Amino acid sequence: MGRDDTGVAVTGLGMVTPAGADERTFWEGLCSGASAARRCDELAGLPVDFACRVEGIDLDEAVGGRSVWRMARFVKMALVAARRAVADAGLSPERWDGARVGVVLGVGVGGVAVLADNVRRLDDGGPESVSPLLVPMMMPNAAAGELAIALRAHGPSLAPATACASGATAIAVARDLLTSGQCDVVVAGGAESVVTPLVVSAFAGMGALSRRTGDPAGASRPFAADRDGFVLGEGAAVVVLERTPDVYARGGRARALLAGTGSSTDAHHPTAPSPDGAGARRAVRAALHEAGWAADEVDHINAHGTSTRLNDAMETELISAVFPHRPTVTAPKGVLGHTLAAGGAIEAVATVLTLERGLVPPVANLDSPPDGFGLDCVVEEPRAQDVERALSHSFGFGGHNVVLAFQRACSERLVRDHGDGLPPVS
C-alpha cells in the first residue's frame, strides 16, 4: 500500500476509561473481555447500585496546577486525555500556531454532580451557600473551553451535544474543520461523568439500565439474547487530527486515516431508535460514500452495542443487511459500560488500535446469542485479523446516528513503539 497524501490522519490518542487510564492498560483491559462494572458506594441503596467507574488515576494530580479546583470530573478526564493525545502526536502547544488549532469536545450532560451538590446546598443553606463556580463547572462546554486554555488553541472551540453520539460527532466536525481549511490541527473527542444517584435513578426509572445487581460484571451483554439494559460508565477519549500531507511534511506519523464520516437523524422518537434502522443505514452509506468504499470492503465494525434490547436488535439488522459478507464485530461497552458522550470517541480509539495491532477485542458476556444470530462477533478472546478498513458506529438519544470510517495508515508511516512508557501529562 503506497503512501496516502490526501485526507485526514489520526496522529495522537489519549484516553481515561474504566478499563485503563493509558493506552497500554486500556488495550489490555479491552482485550481481556472482562467487564469493569463494580458496585459503587455512592449508589448504595438504589435499585441499580453498580457502574463502570474510572479508577487507578488521581485526576487532580494528573491535571496539576492551581486551576484544578475549578474543574468538574468530566473536564479533568478530558484534559488528561487531551494532553496525552497531543504528546502522542509529537506536537506541543508551545510550538504550534494556536490560531490554526481547533478543539471539538462532545459532552452530553456536563457537571451534573456539581449541580446536584449545589441544589442540596441551596435547600440546606440558602442562596449564599451556592458556589459561584457552579455555572462554569456544570456547563457542557466547560471541557472544550478548558482544553483550549490549556492547549493555547485559539481556533474554533466547539462542544457538540448529540447524546451518546457526541464523541463521534466531535470527530466528524473536526474532520470538516480540517478539510475546509479552517484549522491545521484539531483536538477532538468526548467526555462524560454522570455516575450519580440522580442520573442512575433516572436511567433506571426509564428501564434503560441492567438490573443484574447480583452479577455486575455480567450485566453489560451486547447482543446477548438475555440482555436487559446497559451499565452506566464514565470516561474520556481524545484524538489529534491533521491533514495527511501536513503530517508527512513535519515528519510525523499517521496512526490511522479518517477516511469518511456519515451522520443522520432518525426523527422517530426521543429515546428509541427507528426499528427499521433506516436512519443508521443512511449514516453508514454516507460514511462509505465519503470514504469511497464498497460495503464489502469493510473488514471490521466497532458496534454501538449498548446491551439494550432495542438498540442491539436494530444494529444487528443493520449490519446483517448492509454487510452480508460478515465482517468481524466487537462492542466495547461490554467491558467499559456505556460512557455516553465519551463512547464514540473511546470506540474510535479502540478502532484505531485494532487497525494498528491487527487484533479485534472480544465482546464481553456474549455467551447466549439470539436464535438465528448472524453477526460474526468476536467472543471469549481477541482475534488476530489483518484489518484494512473499519467502521465505528455511534447512536444517541434524539435519533442521532454517526458513523466513522477508519483506514489503516500506509506502511511507510513511522512505526510506533508499543512500550509501556506513558507520555507526560503536563
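The values are calculated or read from the model by the stated rules, or taken from the named source; none is laboratory data. A quick note: this is a predicted structure, and the numbers were derived from the prediction, not measured. Cβ atoms come from the backbone with ideal geometry, glycine included; neighbour counts cover every protein chain shown.
Inside segment 136-189, residues that are closer than 17 Å to Glu242 by Cβ and at pLDDT below 95 make up a count of 0.
Just one of the numbered conditions (1) in a loop (DSSP other than H, G, I, E, B); (2) touching a helix residue (DSSP H, G or I) at 6+ places or on another chain (Cβ under 6 Å); (3) within 30 Å of Arg95 (Cβ to Cβ) is not true of Gln182: (2). Taking (1) surrounded by fewer than 19 Cβ atoms within 10 Å (Cβ to Cβ); (2) touching a residue at least 60 places away in the same chain (Cβ under 8 Å); (3) more than 21 Å from Ala85 (Cα to Cα) in turn, Met137 satisfies each apart from (1). State whether one or more residues within segment 163-182 are over 22 Å from Val349 (Cβ atoms) and without any contact (Cβ under 8 Å) to a residue 60 or more places away in the chain. Yes; the residues of segment 163-182 include at least one that is over 22 Å from Val349 (Cβ atoms) and without any contact (Cβ under 8 Å) to a residue 60 or more places away in the chain.
Taken together, the residues in segment 401-420 that are of a type in the set (A, V, I, L, M, F, W, C), over 30 Å from Pro275 (Cα atoms) and modelled with pLDDT of 50 or more amount to 2. Taking segment 186-243 as the range and being at positive phi and without any contact (Cβ under 8 Å) to a residue 40 or more places away in the chain as the test, only Gly207 passes. Against the numbered list (1) under 17 Å from Val352 (Cβ atoms); (2) of a type in the set (A, V, I, L, M, F, W, C); (3) touching a helix residue (DSSP H, G or I) at 6+ places or on another chain (Cβ under 7 Å), Phe230 comes up short only at (1). Report, by residue number, each residue of segment 217-268 that is aliphatic (A, V, I, L, M), part of a helix (DSSP H, G or I), at pLDDT 95 or above and over 26 Å from Ser193 (Cβ atoms). Matches in segment 217-268: Val247 only. Scanning segment 129-154 for residues that are in contact with a helix residue (DSSP H, G or I) (Cβ under 7 Å, 6 or more places away or on another chain) and assigned to a loop (DSSP other than H, G, I, E, B) yields Val130, Ser131, Leu133, Arg152, Ala153, His154.
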